[in-house]
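Asks: The structure follows.
Please treat every number below as a calculation from the coordinates, not as lab data. Please read these numbers as outputs of a predicted model, since none were measured by experiment. Positions of Cβ are generated from backbone atoms using ideal geometry, with glycine treated the same way; all protein chains shown enter the neighbour counts.
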């Protein structure tokens, strides 16, 4: 086996690639002590990562030269999804049967559609998904607004929690599943309004292929990806996915570099048993841009669209991760399939930034605040499911029963900005005259009065240090039963029990232990073979510790966790012409208990969201594929204020038309209505419409070239914001050229 592997894949090339990296650019950020320390510990730097991209491409061609070539026919229909097969949910989400028999609102975006639309991030997928929109994530992480509520926690990989704050790449992803509505059976804790699950590419036994792709855009950003599958023997396959990227965009100072490698082995153990084992390494760095202020009209100040309220070397994020996963599936009995899943991840994250916290238009000044934050998190998760069908009294049951154990060790530090001398009676902030660029370089600047000031994150002058150490343990048991009462009526019953224990020490000290039972019930009625209606109720909970497990107080153990309840009605209809139409009406209620120390009683704070979603996807004709979605939201906090970043109306449509066997063209439109930047605030994000277009052409049977144009009308828009004076500036018209070859 090893000899066969060596002949087909010279892994030494990739090993040399990583071992040859050096620290030859430490001096570029060395004026900040924290930066110097960080860069001294960091092996990969901007220059070496760019070299890595080139080296990786050369390695790929060397691999291809030694491999047995296999014709892999490619044409626009393969890439664009115009002949898309109806997708199904992955086994990690504990649901049996086709999507039409699941009483929930959900979307599945396949790898084909991701490539055809030129999507490079989870955020790109969200743009074209009903019920979900993007949040800024402070410029260093994925952040979604699902049915009106922002989250950085509810991300999953193969059904396994992936809640560290970072930008998740798509180079090794087979499909992305977006589930709307709370459902603890799927998510456990969290998932208050839904979840986003990425499904990994796995080894494919009996196949040998190489897929090489590269792209470059008009800002200068470039990306190279490799997907290599090798048949080691009749029962074993190795699949290796690699990516390297150099990021650029329309904003001053912006840069970014990323590298990732994910080998995965598939073993066919016989008798219906398989083992998938995977390791992933990620190394990412990027500039952090927190956007621009809002003005007296409560809208982002368009005249400041080119000003970056930060510094070229003080605003950055780094992330390094080692992720191990293994899934063993076997035939437990004649009627039950077992699935054992184990994962361990080790993330090391740092981000620091300056940003605008106040704006004075009359004096043309902005107040800058800032902080540096580090997170080290180790998480181990083990689960075992049994799924299968059995019949009793003439009624068929499709069951999933299982248990899960999670253990997380989280170390989080935060140091706030400290400007000295203190010219404005607030050492956390300093006032600067607005210019392009601001008068600050590194940690030394000149304020609006012409005085030199220095910002200290570290050393003797550092202040406001928040250091927390969290230990989280969760033991869960769950049962789901999909009961075929008649040929046309199914009943879904499920429940999950969670015992969660959180201990936080450090600057914040507290403990919170909760035992919860979260139910799930639904009914699906098949009106015809093509149409069904459903009704469902589901629930989940979230601990008081928040998304990042650092906010436990001494009183949290006295009250229940936050709970989320979802009532939903919907219809799913496979139209005769090849389209699938889904519609859902939903009501989500969030209940947040708060403890009053003075009266030693708790009160309930509620948020209510109602709305409906429409989705249409499929082939309108043999040549025309369409994916469209509309969302209407009425999202209100306790007291009636609109929830932040929850537009009343959102619409998207993407069309792909195959002109010939070689040429396909596409057109997409995104509309997002006006929303408030913060709950209870008058600051708003204006509505906007963005038009995207593209085309793909098959140069040969195995090579396709593709052009994607974003913001075709060059509209100035502000897609999201983290706070009142931090509105993101959408990119102007830009184009990305990519090429993909399969062998």
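Asks: Going highest first, how would you order 210-216, 89-95, 420-426 by mean Cβ packing within 10 Å?
Replies: 89-95, 210-216, 420-426
Asks: Among 572, 636, 266, rank each residue by its count of other Cβ atoms within 10 Å, from fewest to most, as a rough exposure measure.
Replies: 636, 266, 572
Asks: In addition: Compute the relative contact order of region 559-683 as a whole-number percentage, counting only Cα pairs closer than 8 Å that sit 6 or more residues apart in sequence.
Replies: RCO, region 559-683: 17 percent.
Asks: Sort 172-179, 662-669 by packing, meaning the average of other beta carbons within 10 Å per residue, with the highest value first.
Replies: With the highest mean Cβ count within 10 Å placed first, the list reads 172-179, 662-669.
Asks: Where the centre of each part is set by its Cα atoms, how far does region 379-423 sit from region 696-743, in angstrom?
Replies: 33
Asks: Over the chain, what relative contact order in percent results from Cα pairs under 8 Å that are six or more residues apart?
Replies: 13
Asks: Under the rule of -39500 (n - 2.57) per DSSP H run of 4 or more residues, summed and divided by the residues of the chain, what mean residue ellipticity at 222 nm is obtained, to the nearest 500 deg cm²/dmol?
Replies: Value at 222 nm, helices only, nearest 500: -2500 deg cm²/dmol.
Asks: Let me ask something else about it. When N counts the residues of the chain, how does its alpha-carbon radius of gyration compare numerically with 2.2 N^0.38 Å, as a ratio?
Replies: Expressed relative to 2.2 N^0.38 Å, the Cα Rg reads 0.95.
Asks: Just to confirm my numbers, what's the Cα centroid distance between region 234-304 and region 625-654 in Å?
Replies: 27
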